[in-house]
Amino acid sequence: QVGSQIVDKKVDSVCPFCGVGCLLTYNVKDNKIVSVDGRDGPANHSRLCVKGRFGFDYAHSPQRLTVPLIRKAGVAKDPQALQHLNRHTADWSEVFREATWDEALALTTGALKNLRDTKGKKSLAGFGSAKGSNEEAYLFQKLVRTGFGSNNVDHCTRLCHASSVAALLEGVGSAAVSNQVHDVENAGLIFVIGSNPTGNHPVAATWMKNAAKKGAKIVLADPRVTDIGRHAWRTLQFKADTDVAMLNALIYTVIDEGLTDQEFISQRVNNYEALKENVKGYSPEAMAPICGIPAHTLREVAREFARAKGAMILWGMGVSQHVHGTDNARCLIALSAVTGQIGKPGSGLHPLRGQNNVQGASDAGLIPMMFPNYQRVTNQAAHGWFENFWGMKLDDQPGYTVVEIMHKILAPDSDPHKIRGMYIMGENPAMSDPDLNHARHALASLEHLVVQDIFMTETAWLADVVLPASAWPEKTGTVTNTDRMVQLGQQAIEPPGDARPDLWIVQQMAAGMGLDWDYAGEHHGVAAVYEEMRQAMHTAIAGITWERLVRESSVTYPCLSEGDPGAPIVFMDHFDTDDGRVHLVPADIIPANERPDAEFPFVLITGRQLEHWHTGSMTRRSEVLDALEPMATASLCGADLLALGLAPGDVATVQSRRGRVAIHVRRDDGTPPGAVFIPFAYYEAAANLMTNAALDPFGKIPEFKYCAVAIRHGGTA
Ligand code: SF4
């Protein structure tokens, strides 16, 4: 009913939630978004899921931050209080006082400069955001590297696909996807592992379902059987934590039954013999009791994978969020390579990116070991190039990652790398980090914390200074989706009160830190920032100019010249490694860091759900989405509910060695016996109070998908 007659304007942008990157149009009346239409973008063909279509009203929430805030003198930071804080009704005026931008910026940059100059450059760190634009990510990491003076900059990619990135850079030389989601239409077999696409990448799932209707075979491999299983040819409900056992059994079968692509291996693969030797102990018959999948099913799936006209692997955090996440991804790379199912249409590797701009933020250098475009800070040539490009001396040692930074905050005073001050832009580690009691204690222990956000998040409650930022529809900028598409969003509405665009705030912070930047032009110089970033990433996006994005909305990289249409499929004739070949890395079974035992007999699996996004700071403030899923629930199978004396709707207490929540239970027979699934979007029952901060040694990603918990009837939810 919202026709062009009754809206003031229609503004083209991109959905701000998941990495699918659906293009959309905001219908605006009186500076308010009144509805959203799907646009005919390459990733969505006008489709939107419930979040994209109905989740826009968070921007108009009365809880938006509209003025800078400074912690009142003498009000202590109390991380324990967060456990009982009602995000929607808590009165922050007892903790913070309002301030002008000049006062807030002077106070926070003064405090950060003082720490840098008295305690050293390693005493500061910054978390940028995968919810911001590429330009914001680029400027944020540049500020940390040149203004703070170290590489202590990271963001939530560390909690998401860091292990996939480690394996992909090592194996194929590029961390991005080889083929775009819609290419499943050319696949004979679609291997979905550790992913719940109908919940977490809903529009991407429509491509998979359509392909299945046309004859492609979906294999779902996951300890939890989710909705995509209804469309699957085979469902491998393997035991949680046994990914390497199951995947090595598939590789074993391919080799054992002579199904390898020998020509591909000889021309394009390194280290095949070592892989072959390693999987000798992983026959399906030996692995069946370990992973819980019958040997004949493993063999059947391996055969179909190898023989399919194209076999595409799509994976999510079920693969990456383990202490063996990098090994899991190494096995997926090996399976593709030994079957030659990569470098052609309908095959290849696709780690489904979570946040709307986690791909772009990583590309732009918002990671502690790489400059923009994945140039290692330890690489002398890259280091020299960026010193010259930015005209500043730069640190040549990798910085600390998200979870490492929390540990470094609590390091003894004598540690020269102890972190004492932080700038957090648009992330909520007080909800998203593992072992929240530890993370919240760390954040509260900082000598100075400045948080830039649109809401008073749990992290902002622990800040010294809070800077009111802009929601995505209030800004113009680019984001990069899971398909390597750089896409432009235009500003649709004005920010409320004295809230300001993040790009402006980062530039004010930089000026306060003594940097002399000059980005002129509309929207705080966004096109000029993009142009600088394009130069820094010329081997990927040289052909994607700002003007072209204004014209075309969406362009795929690699794209090296103006006339280049971009490459939807990569690795057709070479991989991005030094010698152009895949480098296989054999993997062996490494158990989860914390196994169930008599005291904590269940496995906790955390994740997302369709209606809510990550820590829920946006979607819990969206009327439609919060009405659809208004409360935290713990999913268990019917048999476990019965054994625990619980009925759906009852309250149970779930407890790990680190924390506990009281939560309503729901029946979900897709959850395996002995496991409980809890989404991490609910501040009332924060799942991460219980999770384990043990890290994968390569990607430094925490084991969100596996820790031991006990469950008992009762508690106060
Ligand atoms: Fe937004 Fe993702 Fe839904 Fe598309 S699939 S509308 S990008 S949340």
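The values are calculated or read from the model by the stated rules, or taken from the named source; none is laboratory data. Small disclaimer: the values here were computed from a predicted structure and weren't measured. Backbone-built Cβ (ideal geometry, glycine too); neighbour counts: all protein chains shown.
Here is a list of conditions, (1) within 16 Å of the ligand (Cβ to nearest atom); (2) closer than 19 Å to MET246 by Cβ, and ALA334 meets all of them except one; can you say which number that is?
(1)
Please work out which residue is surrounded by the most Cβ atoms within 10 Å (Cβ to Cβ), limiting yourself to region 276-325 and to residues that are polar (S, T, N, Q) and farther than 23 Å from HIS161 by Cα.
Ranking the qualifying residues of region 276-325, first place goes to ASN278.
Could you tell me whether any residue of region 437-451 is assigned to a strand (DSSP E or B), at negative phi, in contact (Cβ under 8 Å) with a residue 40 or more places away in the chain and surrounded by fewer than 24 Cβ atoms within 10 Å (Cβ to Cβ)?
Looking for residues that are assigned to a strand (DSSP E or B), at negative phi, in contact (Cβ under 8 Å) with a residue 40 or more places away in the chain and surrounded by fewer than 24 Cβ atoms within 10 Å (Cβ to Cβ), one finds at least one in region 437-451, hence yes.
Output the residues belonging to region 445-473 that are touching a helix residue (DSSP H, G or I) at 6+ places or on another chain (Cβ under 7 Å) and over 22 Å from VAL95 (Cα atoms).
SER470, ALA471, PRO473
Name the residue, out of ALA647, ALA685, ALA710, that is touching a residue at least 60 places away in the same chain (Cβ under 8 Å), over 24 Å from PRO197 (Cβ atoms) and of a type in the set (Gly, Ala, Ser). Don't jump to the end; show me each part of the working.
Numbers: ALA647 fails: touching a residue at least 60 places away in the same chain (Cβ under 8 Å); ALA685 fails: touching a residue at least 60 places away in the same chain (Cβ under 8 Å).
Checking each option against the conditions leaves just ALA710.
Would you check which residues across region 45-65 are in contact (Cβ under 8 Å) with a residue 24 or more places away in the chain, part of a loop (DSSP other than H, G, I, E, B) and more than 8 Å from the ligand (Cβ to nearest atom) and list them?
Selection gives PHE56, SER61, GLN63, ARG64, LEU65.
Going through VAL450, VAL506, VAL486, VAL479 one at a time, which residue ends up being under 24 Å from HIS60 (Cβ atoms) and β-branched (Val, Ile, Thr)?
So the residue among VAL450, VAL506, VAL486, VAL479 that is under 24 Å from HIS60 (Cβ atoms) and β-branched (Val, Ile, Thr) is VAL479.
Would you mind telling me which numbered condition in (1) part of a loop (DSSP other than H, G, I, E, B); (2) within 16 Å of the ligand (Cβ to nearest atom) ALA90 fails?
Tallying (1) part of a loop (DSSP other than H, G, I, E, B); (2) within 16 Å of the ligand (Cβ to nearest atom), ALA90 fails exactly one: (2).
With the condition kept exactly as written, say whether any residue in region 372-391 is crowded, with 24+ Cβ neighbours inside 10 Å, closer than 23 Å to ASN152 by Cβ and at pLDDT 95 or above.
yes
Mind checking whether some residue in region 414-426 is outside any loop (DSSP other than H, G, I, E, B), over 26 Å from GLY607 (Cα atoms), β-branched (Val, Ile, Thr) and touching a residue at least 12 places away in the same chain (Cβ under 8 Å)?
Looking through region 414-426, none of the residues is outside any loop (DSSP other than H, G, I, E, B), over 26 Å from GLY607 (Cα atoms), β-branched (Val, Ile, Thr) and touching a residue at least 12 places away in the same chain (Cβ under 8 Å).
So, LEU105, is that one outside any loop (DSSP other than H, G, I, E, B), among the hydrophobic types (A, V, I, L, M, F, W, C), closer than 30 Å to ARG353 by Cβ and away from the ligand (no atom under 16 Å from the Cβ) or not?
On the way: outside any loop (DSSP other than H, G, I, E, B): yes; among the hydrophobic types (A, V, I, L, M, F, W, C): yes; closer than 30 Å to ARG353 by Cβ: no; away from the ligand (no atom under 16 Å from the Cβ): yes.
Considered against the rule, which asks whether it is outside any loop (DSSP other than H, G, I, E, B), among the hydrophobic types (A, V, I, L, M, F, W, C), closer than 30 Å to ARG353 by Cβ and away from the ligand (no atom under 16 Å from the Cβ), LEU105 comes out as no.
Report yes if SER164 is within 21 Å of the chain's Cα centre (by Cα) and away from the ligand (no atom under 16 Å from the Cβ), otherwise no.
yes
Given the criteria crowded, with 21+ Cβ neighbours inside 10 Å, among the hydrophobic types (A, V, I, L, M, F, W, C) and part of a helix (DSSP H, G or I), does LEU112 qualify?
yes
Which residue pairs have Cβ atoms closer than 7 Å, lie 6 or more positions apart in sequence or on different chains, and pair a first residue in region 13-32 that is without any contact (Cβ under 8 Å) to a residue 40 or more places away in the chain with a second residue that is within 16 Å of the ligand (Cβ to nearest atom) and in a loop (DSSP other than H, G, I, E, B)?
If the second residue must be within 16 Å of the ligand (Cβ to nearest atom) and in a loop (DSSP other than H, G, I, E, B), the pairs left are LEU24/CYS15; LEU24/ARG39; LEU24/LEU48; THR25/ARG39.
So the check is Cβ under 6 Å with 6+ separation or different chains; which pairs have a first residue in region 265-278 that's without any contact (Cβ under 8 Å) to a residue 40 or more places away in the chain and a second one that's surrounded by 12 or more Cβ atoms within 10 Å (Cβ to Cβ)?
Here the result reads LYS276/ILE255, each pair linking region 265-278 to a residue that is surrounded by 12 or more Cβ atoms within 10 Å (Cβ to Cβ).
Among the residues of region 71-80, write down those that are under 16 Å from ASP464 (Cα atoms) and under 31 Å from the mean Cα position of the chain (by Cα).
ARG71, LYS77, ASP78, PRO79
Return the residues of region 155-185 that are out of contact with any helix residue (DSSP H, G or I) (no Cβ under 8 Å at 6 or more places or on another chain) and outside any helix (DSSP H, G or I); say none if nothing qualifies.
Those that are out of contact with any helix residue (DSSP H, G or I) (no Cβ under 8 Å at 6 or more places or on another chain) and outside any helix (DSSP H, G or I): GLY173, VAL177, SER178, ASN179, GLN180.
Please determine whether any residue of region 201-210 is away from the ligand (no atom under 15 Å from the Cβ) and crowded, with 18+ Cβ neighbours inside 10 Å. Explain how you work it out, then say what you get.
Step one: of region 201-210, the residues away from the ligand (no atom under 15 Å from the Cβ) are none.
No, that holds for no residue.
Taking the stated definitions as given, is ILE605 part of a strand (DSSP E or B), in contact with a strand residue (DSSP E or B) (Cβ under 7 Å, 6 or more places away or on another chain) and not polar (S, T, N, Q)?
Values: part of a strand (DSSP E or B): yes; in contact with a strand residue (DSSP E or B) (Cβ under 7 Å, 6 or more places away or on another chain): yes; not polar (S, T, N, Q): yes.
Spelling it out, ILE605 is indeed part of a strand (DSSP E or B), in contact with a strand residue (DSSP E or B) (Cβ under 7 Å, 6 or more places away or on another chain) and not polar (S, T, N, Q).
So THR482 passes all but one of these: (1) within 20 Å of ARG145 (Cβ to Cβ); (2) in contact (Cβ under 8 Å) with a residue 24 or more places away in the chain; (3) among the β-branched types (Val, Ile, Thr); (4) assigned to a loop (DSSP other than H, G, I, E, B). Which condition number does it fail?
If we test THR482 against (1) within 20 Å of ARG145 (Cβ to Cβ); (2) in contact (Cβ under 8 Å) with a residue 24 or more places away in the chain; (3) among the β-branched types (Val, Ile, Thr); (4) assigned to a loop (DSSP other than H, G, I, E, B), just (1) comes out false.
Restricting to region 585-604, give me the number of residues that are within 16 Å of PHE677 (Cα to Cα), crowded, with 17+ Cβ neighbours inside 10 Å and not β-branched (Val, Ile, Thr).
Residues in region 585-604 being within 16 Å of PHE677 (Cα to Cα), crowded, with 17+ Cβ neighbours inside 10 Å and not β-branched (Val, Ile, Thr): 4 in total.
Within region 585-632, how many residues turn out to be acidic (Asp, Glu), in contact (Cβ under 8 Å) with a residue 60 or more places away in the chain and over 25 Å from PRO223 (Cβ atoms)?
Result for region 585-632: 1.
Give all pairs with beta carbons closer than 6 Å in which a residue from region 526-537 that is at pLDDT 95 or above meets a residue that is of a type in the set (Asp, Glu); count only pairs at least 6 apart in sequence or on separate chains.
Between residues of region 526-537 that are at pLDDT 95 or above and residues that are of a type in the set (Asp, Glu), the close pairs are VAL526/GLU135; VAL529/GLU135; TYR530/GLU135.
Tally the residues that are more than 25 Å from GLY426 (Cβ to Cβ) and either within 9 Å of the ligand (Cβ to nearest atom) or surrounded by fewer than 17 Cβ atoms within 10 Å (Cβ to Cβ) (or both), restricting the search to region 11-33.
Taking region 11-33 first, the residues more than 25 Å from GLY426 (Cβ to Cβ) are 27, 29-30.
From what's left, either within 9 Å of the ligand (Cβ to nearest atom) or surrounded by fewer than 17 Cβ atoms within 10 Å (Cβ to Cβ) (or both): 29-30.
Of the residues in region 11-33, 2 are more than 25 Å from GLY426 (Cβ to Cβ) and either within 9 Å of the ligand (Cβ to nearest atom) or surrounded by fewer than 17 Cβ atoms within 10 Å (Cβ to Cβ) (or both).
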